[in-house]
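The values are calculated or read from the model by the stated rules, or taken from the named source; none is laboratory data. Fair warning: this is a prediction, and the values are worked out from it, not measured in the lab. Quick reminder, even Gly has a Cβ in these numbers, built from the backbone with ideal geometry, and neighbours come from all protein chains shown. To get the accessible areas, we keep the full protein, side chains included, count just its heavy atoms, and leave off ligands, DNA and RNA. Shrake-Rupley method; radii C 1.70, N 1.55, O 1.52, S 1.80 Å.
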Amino acid sequence: MNDRIHEPAPTGVPAARWRPEVLAFIDAHRRDGHRSARLDPLGLSRPVDPTLLDPQRFGLQPGEWLSPTGTPLWSARTVADLDRSLKATYCGALALDASAVRDASRRDWLFHEMEAAPPAPDSAAGRLALLERLIRAEGWEQHVAQAFPHAKRFSLEGNETLIPLLDALCEHAAGLGVRRVFLGMPHRGRVNVLVNLMGLPPARVLDYFDPKSPHPELHTDLVYHLGGERELDTPQGRLTLTLAHNPSHLQSVHPVLTGLARACQDAMSREHADQDGRRLVLPLMLHGDAAFAGQGVVMETLMLGGKPGYTVGGTVHVIINNQVGFTEPNPMSAWPAQYCTDVTRMVDAPVLRVNADEPEQALRAAAIAMAWRARFGSDIVIDLIGYRRLGHSESDVPALTRPRIHALTQSHPTIVERYTAALRADGVVPPDTDMASHVTHGRVRAHQAFADPDPHRAVSVPAPLRRPGEAPPLDVEGMRALVRAMTRLPEGFEPHAMVRTLVEHWQRMAGLADTTQPVDWCFAENLAYATVLRGGHHVRVSGMDVRRGTFLHRQAVWTSQETSEAGPARGAPAAAGAAAEFVPLRQVTAGDGPGPGPVGRFDIFNSPLSEEAVLGFEYGYSVGASRTLTVWEAQFGDFVNGAQVFVDQYISSGEEKWGDTSSLTLLLPHGHEGIGPDHSSAYLSRFLQLCGADNLRVACPSTAAQWFHLLRRQAFDTLRKPLVVMSPKGTLYWEKVSHASIEALTGGRFEAVLDDVSVERPEQVERLLLCSGKVYYDLDRGRRAVARADLAVARIEQFYPFPEDALTALFARYPALVEITWVQEEHRQQGAWSFIREHLEPAMPPHARLRCVSRAANGSGATSSQAIHAREQADLVARALGEG
């Protein structure tokens, strides 16, 4: 085969010369060749029907000429010649499965790549270098097994070809102009990758296995969860390689990785206006075969890759396919065709299947995969099919559950043995060369390198205490300039009546109209973002329906109601059939508002109906974008439990385990309004249980001014911590008493505790009600109705870090206190009571008792009856006031 089979006939030869049977034979190999390929190193996969690609099935006989005149077809004159060429191309140790690719031109490109003359074998030096990499990959596993035979390392044995495959992917990436590679992977082979690709000193890795480590306090997580970063020099240039940290939830790092990559791509696109950041940054995601097929976050993340705001220009996926999940067999099946990669059909991703015992074919797969991404900017999969020589972990006993397969793996030659034999057979080295000695010397060199002490090891010194940063000051005139820019509609833009009213209200709230009105929550949030942008920081908001807001509470994107073909004269061009849009926060420029310097970018994206992958993506984005206020809003706070793994394993613990700082902001609409168990509670109690060692910020603002200051504090705070907000729902958004003056925005700051400003004689107060959120307004109305001078109502606006000093000062203002009552509208076990009691009791004033008023504990949560809710709320207020 000279160049390719992908043309219907050689140049200048009419297509009609070739019989339909011949063309059908070629197409069958392109379509089904991977099902007959020799991909399983152990030969255990169910064989395909042997007649599937037999020439006689297509009416062809081996000795027949391909054409009546004997004209050759790609160097083949007979059917047997063509059969051999097709089998070598599509049924060898590298096979193409393009069945998911619906675009014919893309399939043709893949066929061309497969049918192009295979690259000539590398030079002897290159092939020996490949052998050396395999020796190091295999040698590392042997070295750890000798030093710490019972250590759990999740060995790569059976798939050692992964190491040179990753080398090749990085080299080709550098050659295509990629400057950063973000790598994510599960446990299998991770420790090997840390040493042999990431360059982590072996002694530092081995220290994690040593039960007598001199510095166990440095082991903040298991070694096979750790990531790292290095500058990697390849023959095609230098790039930065980052391995993302990963907890035991195997595939959860997938959306985190894409978020990290997208953050870097956005930053590079801003830095290099003439270049596409997606071409400069590569997400490279490794998977285990069973987890890739079994965990739903994979499908969610694949789906995200095609949505605005989440695209990364294609991810290269590598499956470390050892054909088993824990102890359950997970063999590839060519008959029927069932593979762990079938989930990628949803994104039309081609799959390159490679026999892990054929490392040179893996290198060719790397070249095709990188060329595909560079050309089409979409996902592609390399399915590296190997086996697992040991058990799930090294302490496992695989013979208990898989005796036959385990026996096969133990007798199967190692990759070094197989590749050494191949080189000897190919005459790569002179006949008198002792290959056995060559390999032995390579293993000795590898073991010596792995045994070297870490010369740069130093015990980490505790970092100095970091102080929170302050948001820059504001002035009324500067804020008005921002509002003028945000409400200046382009010519021809026809706003909806609600938007027109909104513009009028914003102008009144800013004092730009003849009459004024208090600042509501919608205006406060948008103005907070405007000041953040003017301060040089970026803002990214995502979640379901966030552009408008579930409760019509944000209105960040305005759509023209103009229905004629002539659209507005100014603004972003709309797609065919789409209405023109106006984004107020993108009108903020360097000349608007206070502060010098460049203006940040505002992005807001309606996410798909996914919590898990989207929250993981935004966490990754927030880690990678330190000058961006990254906000994720749940449609209702309850829905965050669909992404609980990211709350537990990343957001609340990532900094302590891995040093990954994040200022991700979670907006979780929270509050009982009689709309049922699934739309009422953001499970405040769960978040408070996660608080410790200053890891989170948990707040529940009750006024528009507090909302404004909380968002600004989060954006400008140099002490980066995730913020969890029990944000308002409909009732609180429209609570007029919660609105503020424009001066409260320019002159105030976020307060962790709000005192009762209506109390005139604090020395008369004997009972203090403490609460949070919208229940305050019910309590305040109830208190005013009974005219109680001995009662005060105060609010805790920030739960964590717990405002002990502010509460101590509050209690000191009321020297006659005999009772402090914590009031929550949540059920007793779902609100903050347990947390409040634990933290408040040490700060209680003498002679005062602490009690709780709440809804009774139950199993399902909030009622779905408006009538029952109203009765429960009235009863709650009455009991809190002592009137019930």
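Worth pointing out:
- With q set to 0.11, 0.15, 0.21, 0.27 Å⁻¹, the log10 of I(q)/I(0) for the range 256-320, from the Debye formula over equal scatterers at the Cα positions, is -0.28, -0.49, -0.84, -1.18.
- Straight-distance crosslink candidates among lysines, where the alpha carbon sits under 16 Å from Lys729 and sequence neighbours closer than 8 are dropped: Lys774
- Rounded to the nearest 20 debye, dipole of the range 786-858 from Cβ charges on Lys, Arg, Asp, Glu: 240 debye
- The range 684-739 and the range 22-63 have Cα centres lying 62 Å from one another.
- Sequence of Thr731, Thr414 when ordered by accessible area, the most exposed leading, probe 1.4 angstrom: Thr731, Thr414
- Cα-based reach from Lys212 at 19 Å (exclusive), listing lysines while leaving out same-chain residues under 8 positions away: Lys152
- Sequence-distant contacts, meaning Cα pairs under 8 Å at least 6 residues apart, place the relative contact order of the range 233-339 at 25 percent.
- For Lys721, a cut-off of 19 angstrom between C-alpha atoms picks up these lysines, skipping any fewer than 8 places away in its own chain: Lys657.
- Fraction of accessible area attributable to carbon and sulfur, the chain (%, probe 1.4 Å): 52 percent
- Summary value for the range 587-721: 23 percent relative contact order, contacts being C-alpha pairs under 8 angstrom separated by 6+ residues.
- Segment Leu222-Ile868, length gained on full extension (0.36 nm per residue, minus Cα span): 227.6 nm
- Dipole magnitude for the chain: about 220 debye, using +1 per Lys or Arg Cβ and -1 per Asp or Glu Cβ, origin at the Cα centre.
- Residue among Ala867, Gly189, Ser213 farthest towards the positive dipole end of the chain, charges placed on Cβ: Ala867
- Signed unit charges on C-beta, dipole axis of the chain, positive-most listed residue Ile836, Val539, Asn858: Val539
- Extension gain, Ala337 to Ala399, is 19.5 nm, computed as 0.36 nm per intervening residue step minus the present C-alpha separation.
- Area accessible to solvent at Asp97, 1.4 Å probe radius, in Å²: 10 Å²
- Span-rule helices in the chain, defined as complete DSSP H runs reaching 30 Å or more along the axis (Cα) with Kyte mean at least -0.5: 124-147
- Between Glu763 and Val786, the C-beta separation translates, for a Förster distance of 25 Å, into a calculated FRET efficiency of about 0.80.
- Mean-position separation - Cα centroids, the range 825-884 and the range 84-121, in angstrom: 67 Å
- Options Gly616, Met303, Gly325, ranked by Cα towards positive dipole end of the chain, top entry (Cβ charges): Met303
- Entry comment: accessible area of the chain is 40 Å² per residue, from protein heavy atoms only and a probe of 1.4 Å.
- Cα-Cα separations in the chain greater than 52 Å, expressed as whole percent: 29 percent
- Solvent-accessible area of Phe636, all protein chains in place: 30 Å² (probe radius 1.4 Å, heavy atoms, ligands and nucleic acids excluded).
- Whole-angstrom Cα spans of the range 213-341 along principal axes, big to small: 49, 49, 31
- Pairwise centroid distance, computed over Cα atoms, of the range 292-365 with the range 375-444, Å: 21 Å
- Relative contact order [Cα under 8 Å, 6+ residues apart], the chain, whole percent: 11 percent
- Total charge dipole magnitude, the range 648-709, about the Cα centre, Cβ charges on Lys, Arg, Asp, Glu only, Debye to nearest 20: 100 debye
- Contour excess over end-to-end distance, with Cα ends at Gln829 and Arg813 and 0.36 nm allotted per residue: 2.7 nm
- Taking a ≥ b ≥ c as the square roots of the eigenvalues of the alpha carbon gyration tensor, the range 628-720 is oblate, as a/c is not under 1.5 and a/b does not beat b/c.
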